[in-house]
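Accompanying notes for the structure given below.
The values are calculated or read from the model by the stated rules, or taken from the named source; none is laboratory data. Just so we're clear, the structure is a prediction, and the values are computed from it rather than from any experiment. Neighbour counts run over all protein chains shown; Cβ positions are idealised from the backbone, glycine included.
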Amino acid sequence: MRKKIELDRLEKMLHLEKAQAPVQFFDALKADLYAVLRNYFELAPDDLSLECKNEKEGCVVQMFCKAAGVKRLGGG
């Protein structure tokens, strides 16, 4: 359920008007991606970066993540 809420939030955010506040948009996007990825990887907020390029087909977002390790799933 939590992941569905996070995905819904991300989808709504992607549909917002990005031109008015691009820095705040990417800060919020980075925070949301970090919240999801830290469930699976050992990483610090500074280990995640985003780049955005406007291309003919649309906006391309590239994410770079430097994880110290993978978290164990299943608790044991």
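Please specify each residue of the range 65-74 satisfying the condition of being assigned to a loop (DSSP other than H, G, I, E, B) and surrounded by 10 or more Cβ atoms within 10 Å (Cβ to Cβ). Matches in the range 65-74: Lys66, Ala67, Lys71.
Looking only at the range 45-64, how many residues end up being surrounded by 11 or more Cβ atoms within 10 Å (Cβ to Cβ) and more than 20 Å from Lys3 (Cα to Cα)? The qualifying residues number 5. Regarding the range 7-26, can at least one residue be identified that is of a type outside the set (S, T, N, Q), at pLDDT 90 or above and surrounded by fewer than 11 Cβ atoms within 10 Å (Cβ to Cβ)? Taking every residue of the range 7-26 in turn, none turns out to be of a type outside the set (S, T, N, Q), at pLDDT 90 or above and surrounded by fewer than 11 Cβ atoms within 10 Å (Cβ to Cβ).
Within the range 51-71, the set of residues being over 9 Å from Phe41 (Cβ atoms), in contact with an Asp or Glu (Cβ under 8 Å, 6 or more places away or on another chain) and among the basic types (Lys, Arg) comprises just one member, Lys66.
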